[in-house]
Amino acid sequence: MRFQFAGLALALLLCQYAAADSNTEASSEAALPSIRLAPGDDKSGYDSTAYQTNSLSLEHRKGTALNLAAFAIEPQLGLPDPKESLELEPNAAEIALGRRLFFDRRLSRNQTMSCAMCHIPEQGFTSNELKRPVGFEGRSVKRNAPSLLNVRLYERFFVDARETSLAQQAWSPLLASNEMNNPSIGHVLEQINRDPVYQQQFKQAYGKPADMLNVGYALAQYQQSLLAGDAAFDRWKYASDKTALSKSQQAGFELFTGKAACASCHLIGDQYALFTDQQLHNTGAGYQASMLGEQKEITVILAPGIETTIPAEVAQRVGEPKPNDLGRYEVSLNPKDRWKFRTPTLRNVALTAPYMHNGEFLTLKDVVNFYNQGGQAHSALSPLIRPLNLSATEVDNLIAFMQSLTSSKLKLLVADAFAADVQDPE
Amino acid sequence: MIKSLFKVACGLFLVSASGISHADETCMSPYMAKIVGQEDFVYVWTLGEEGLGDEQDKLVTISVNPDAPDYGKVVDSLSVGGRNEAHHSGFSDDRRFLWAGGLDSNKIFIFDVHTDPAKPTLHKTIDDFVSKSGGVVGPHTFYALAGRMMITGLSNNKDNGGRTAMVEYSNKGEYVATHWHPTDEDLRGAEKSGQFADGYGYDVRVMPRRNAMFTSSFTGWSNYMMDFGTMLADPEAMKRFGNTAVVWDLHTRQPKKVFDMPGAPLEIRCAWKPNNNYCFTTTALTSQIWLMYEDEQGEWQAKAVADIGDPSKVPLPVDISITSDDNGLWVQTFMDGKARYFDISDPFAPKQVYEKVIGSQLNMISQSWDGKRAYFTSSLLDNWDKKGELDEQFFKSYTWDGDKLNLEFEVDFKKEKLGSAHQMRFGAYGLYGMDRPWENEQSDEGADEAAE
């Protein structure tokens, strides 16, 4: 176990370890539910007048609960030993409690926002629909919502790596004025402890009412169960399934680990692949956003296949100034850390658009093109970033490879999330 | 005592008898009494602004009868707590209660406006709209049906996107049913007439004589709560607007036909005359006037019939209002602050014949039944309103002489520390069989003088 809060051991002894039932049947490919891993009102092709809606019914958004306690310790191809990456010993009661908290919209100050409103299950546990999320009363958040899939594999949390455990991390969005905007920790705890279901759940899970520690533990318990490996790449790389990747994807892998040098930061090991080095780098994306060219015009999408260009000053009349973001520097105050952001894992990356810390790149192609040009040149640019001289075919192959990183387990997690009740004021 | 002659229709308007599809004044339901003469009050559902006054949403009552001693003044302000994203409101069919919604908090505030029309009170607050409705977010239009309140939603509690439903309540404020908008996966028996069935919602209007109900489509919580300038520059967010209108069977509440209407069709206003089987709407993003009409075969159709300003510049048409003779349509454009008057005597060929800049930004209009008075307010959505000095917040009262608008008075909502002025509804003593107090006073004074 990599990290554990003091005091948890006793709680764990008291709590029933509920991972006894095997989850093998539930997680088998044959049992995968029919779930779309994309927004329910998919807008693919919206830039064409030929666009047709592909909209799902919310009434039919149903799921099947998964034994997450078992799932959290079930080995998955391509991932490290699950017991090595646990922050907390999985416990069914705690996970169930954490899941209810995660989908509880009452946990924001005006009872309209849950964790899941920005980390939307079918959208890769992020939001595909916005560059950056919208918080309390519509306030702007300056960073793209990170996917929570495999979040426990990170050593530190947030893209500036300012937090050291999932359990601690949970309080930041609950208290941030532009996210859930709760006025105090005590206010949140009072809200939770007023709910009869929570009273029972906390008693069962922790033997006492909600407090600052166990709320974090519970949310961490749910989030650490969102493990999603066993992608096509993993079957090809770690199970010798030579048919799992297409030729284009195999060519992309060669580029990823060779000419394009993506694997310098997005690590692939012999036994497993985290696709992150856990380090912070300056790729130029942050510098570009902070220092370079104000747009004079912006293109505005009006309807399918219809767009117009308006002067940027028109948008500025109805908009607030663009937020600045200095990355790790905002934590360390060390000038060397300006515009450094943590390397994200690329697992399930095809489902987690838009990309980069600020969501400014809408597609994987935008990202690859950015790195192909050498990021954004400036004096503090990481020496690992350089022009790649990739051909158009090579760009496509790299993208194809990244599309092979989507977990076969994901539908199980999304179906489980769909089975969770969303809590609203009653 | 001199009894004033109230030009207020206090009975229920029976559509078949009156031959009127529904009243404007502005845009009331056909199932309720309407004011055909001089209104006494305008109730302004107002957004609280952080750092201004008491910072919370409120119902502001303005005296608008020129004969009233407090004409042109704010006579009451009722704060409800919180910034709920106050937006639209609508009377119950007996017009005794005004239901007003918060697009963010999902709270519904029901005001008693009949006990003392000059001083509304908060009668009831519904705060379980989302859980009762099965996940509908953003109560928008409050539209009275017989014994019912039909409430359109804008969003949902699963992804904060635009898929949503209408929610039906009883007059007592009890949940009755949820009517989801048709999607590709579940058209609910409707015909998808074109390329779109997005499941989005916005406004609702009915034409009882044709057993028809109409809905339009806007966007979900993530967009309507978002900073407008940020959203315009976010291509993914800009894809999340509705492109449909739906005609429903009014009695069964079943969707019948989904129309393609690209660019977020918003307010719906239906014609008045008994044989004018059509309704107008305007698309906010593509800046067009659309007509939904019944063709010779009795089939409902939809057609774009005019542009509003220069659509490439995104003037952003917002509220609209049809005149009671079906010949005119007011269209407000938010970005340039203009009120535009269209001649719609040929509904298939509207022509703009007048325009006037009302302020730096402009959203709502409410016109009197006789069309002689028009009231305007400024706010669109809290995070969409203009910034800095351009964020004027006003209520302005104009008279319309058929050729031009003439300003009578205005209330500066910032100077009065009220907030951002949004939707307006009319009140009148005569609706509730009451005399106007100042007329009693004048009458009493006259009697005293005569006695002396």
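Quick notes on this structure:
- Among the residues of the stretch A:47-94, those identified as within 14 Å of chain B (Cβ to nearest Cβ), surrounded by fewer than 20 Cβ atoms within 10 Å (Cβ to Cβ), in a loop (DSSP other than H, G, I, E, B) and not charged (D, E, K, R) are A:Ser48, A:Thr49, A:Ala50, A:Tyr51, A:Gln52, A:Ser57, A:Gly63.
- The criterion of at least 2 residues that are β-branched (Val, Ile, Thr) is met, among strands (runs of 3 or more DSSP E) falling completely within the stretch B:201-309, by B:204-207, B:244-249, B:278-283.
- Scanning the stretch A:165-178 finds one or more residues that are under 26 Å from B:Asn383 (Cβ atoms), in contact (Cβ under 8 Å) with a residue 24 or more places away in the chain and within 14 Å of chain B (Cβ to nearest Cβ).
- Unmet requirement for A:Thr345, which otherwise passes all of (1) touching a Pro at 6+ places or on another chain (Cβ under 8 Å); (2) of a type outside the set (D, E, K, R); (3) in a loop (DSSP other than H, G, I, E, B): (1)
- Scan the stretch B:82-137 for residues that are farther than 25 Å from B:Pro69 by Cα, assigned to a loop (DSSP other than H, G, I, E, B) and in contact with a Ser or Thr (Cβ under 9 Å, 6 or more places away or on another chain) and the total you get is 13.
- Of everything in the stretch A:294-306 that is surrounded by fewer than 16 Cβ atoms within 10 Å (Cβ to Cβ) and touching a strand residue (DSSP E or B) at 6+ places or on another chain (Cβ under 8 Å), the residue that is nearest to B:Lys239 (Cα to Cα) is A:Thr299.
- B:Arg96 vs. criteria under 23 Å from B:Asp319 (Cα atoms), out of contact with any strand residue (DSSP E or B) (no Cβ under 6 Å at 6 or more places or on another chain) and touching a residue at least 60 places away in the same chain (Cβ under 8 Å): no
- The residue that is nearest to the other protein chains (Cβ to nearest Cβ), counting only those in the stretch A:311-336 that are over 30 Å from A:His281 (Cα atoms), assigned to a helix (DSSP H, G or I) and hydrophobic (A, V, I, L, M, F, W, C), is A:Ala315.
- Within the stretch A:115-143, being in contact (Cβ under 8 Å) with a residue 60 or more places away in the chain, surrounded by fewer than 22 Cβ atoms within 10 Å (Cβ to Cβ), part of a loop (DSSP other than H, G, I, E, B) and over 13 Å from the mean Cα position of the chain (by Cα) holds for one residue alone: A:Lys142.
- Among the criteria (1) within 13 Å of chain A (Cβ to nearest Cβ); (2) touching a helix residue (DSSP H, G or I) at 6+ places or on another chain (Cβ under 9 Å); (3) farther than 29 Å from A:Cys118 by Cα; (4) among the aliphatic types (A, V, I, L, M), the one B:Val113 does not fulfil is (1).
- Taking first residues from the stretch B:408-419 that are under 13 Å from B:Ile62 (Cα atoms) and partners that are modelled with pLDDT under 95 and among the hydroxyl-bearing types (Ser, Thr, Tyr), no Cβ contact under 6 Å between residues at least 6 apart in sequence or on separate chains turns up.
- Restricting the stretch B:160-187 to residues that are at the interface with chain A (Cβ under 7 Å from one of its Cβ atoms) and not in a strand (DSSP E or B), the residue that is nearest to A:Cys115 (Cα to Cα): B:Asn160
- Screening the stretch A:116-128 for residues that are touching a strand residue (DSSP E or B) at 6+ places or on another chain (Cβ under 8 Å) and hydrophobic (A, V, I, L, M, F, W, C) and picking the one that is farthest from the other protein chains (Cβ to nearest Cβ) gives A:Cys118.
- Residues that are more than 9 Å from chain A (Cβ to nearest Cβ), crowded, with 21+ Cβ neighbours inside 10 Å and more than 21 Å from B:Asp198 (Cβ to Cβ) are absent from the stretch B:229-242.
- Some residue of the stretch B:389-410 being touching a Gly at 6+ places or on another chain (Cβ under 7 Å) and within 14 Å of another protein chain (Cβ to nearest Cβ): yes
- Residue match in the stretch B:221-241 (condition: basic (Lys, Arg), closer than 24 Å to B:Met149 by Cβ and touching a helix residue (DSSP H, G or I) at 6+ places or on another chain (Cβ under 7 Å)): no
- Residues being touching a residue at least 40 places away in the same chain (Cβ under 8 Å) and either part of a loop (DSSP other than H, G, I, E, B) or more than 7 Å from every other protein chain (Cβ to nearest Cβ) (or both) - total across the stretch A:295-308: 3
- Screening B:Ala304 on (1) touching a residue at least 12 places away in the same chain (Cβ under 8 Å); (2) surrounded by 18 or more Cβ atoms within 10 Å (Cβ to Cβ) shows it passes everything except condition (2).
- Cross-chain or 6+ apart pairs with Cβ under 8 Å, the stretch B:133-147 first and within 14 Å of another protein chain (Cβ to nearest Cβ) and buried (at least 24 other Cβ atoms within 10 Å of the Cβ), then aliphatic (A, V, I, L, M) and assigned to a strand (DSSP E or B): B:Ser133/B:Ala165; B:Ser133/B:Val167; B:Val136/B:Ala165; B:Val136/B:Val167; B:Pro139/B:Ile108; B:Pro139/B:Ile151; B:Pro139/B:Val167
- Of all the criteria given as (1) within 14 Å of chain A (Cβ to nearest Cβ); (2) surrounded by fewer than 24 Cβ atoms within 10 Å (Cβ to Cβ); (3) of a type in the set (A, V, I, L, M, F, W, C), the one not satisfied by B:Met261 is (2).
- Residue check for A:Ala228: farther than 30 Å from A:Arg338 by Cβ, part of a loop (DSSP other than H, G, I, E, B) and in contact with a strand residue (DSSP E or B) (Cβ under 7 Å, 6 or more places away or on another chain): yes
- Here B:Asn157 does not qualify as more than 9 Å from every other protein chain (Cβ to nearest Cβ) and on the phi < 0 side of the Ramachandran plot.
- Criterion: farther than 25 Å from A:Met291 by Cβ and assigned to a loop (DSSP other than H, G, I, E, B) - qualifying residue of A:Asp421, A:Asp416, A:Asp396: A:Asp421
- The stretch B:241-269 residues that are within 30 Å of A:Asp47 (Cβ to Cβ), paired with ones that are part of a loop (DSSP other than H, G, I, E, B) and modelled with pLDDT under 95 (beta carbon under 9 Å, 6 or more apart): B:Glu267/B:Cys27; B:Ile268/B:Cys27
The values are calculated or read from the model by the stated rules, or taken from the named source; none is laboratory data. Everything quoted here is computed from the prediction, not taken from an experiment. We place every Cβ from the backbone using ideal geometry, glycine too, and count neighbours over all the protein chains shown.
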